[in-house]
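Below is one structure, written out as structure tokens, with a few remarks after it.
Just so you know, all these numbers are worked out from the coordinates, no wet-lab data involved. Owing to the predicted nature of the structure, the values given are computational and were not obtained by experimental measurement. A quick note on method: Cβ atoms are made from the backbone with ideal geometry, for glycine too, and the neighbour counts reach across all protein chains shown.
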Amino acid sequence: MSTVQQSSVDMKALEELREIMGEDFNQLISVFISDSLKRLSDLDTAIKNNDAAEVRAVAHSFKGSALNLSAVALTELCKELETTGREQQLAGAAALLVKIEDEFAQVRRCFSA
């Protein structure tokens, strides 16, 4: 694993998870990546449709999966977007989604290293 993206992922916690999961760890990462790509698409659609409830629901789910893999910054960004949806204040949601996409790219590179 690369040390470049340490700020994106808590590497110590991730290594502990790797030890616990054993050979299932790589499948967990694969599922996380594919699910995340779907969530990013769903968030984009929900924001374009001004669907605050869907933004909240998808961001909440994304937040949980990011947290499970110790993707700290991604978790925080998803939490912020979840709050935006809950408060039905989607004015800055598209810009926040760009930050989430960028952070997910960092996390994905970390998992691929």
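In a shell of Cβ-Cβ distance under 14 Å around residue 89, excluding residue 89 itself, what net charge do Lys and Arg (+1) and Asp and Glu (-1) give?
Result for the local shell: -2.
May I have the convex hull volume per residue, in Å³, for the Cα set of the chain?
80
Rounding to the nearest 10 and keeping the result within 0 to 90°, find how far the Cα-based axis of helix 93-112 lies from the longest principal axis of the chain.
Helix 93-112 sits at roughly 10 degrees to that axis.
Pairing the Cα long axis of helix 72-86 with the longest principal axis of the chain, what angle in degrees results, from 0 to 90 and rounded to the nearest 10?
Between helix and principal axis, roughly 20 degrees.
Provide the FRET efficiency to the nearest 0.05 for the residue 30-residue 87 pair, computing r from the beta carbons and using R0 = 41 Å.
0.75
Taking the chain as the reference, fit the longest principal axis to its C-alpha atoms, fit the long axis of helix 11-21 to the helix C-alpha atoms, and give the angle between the two in degrees, 0 to 90, nearest 10.
The angle comes out near 70 degrees.
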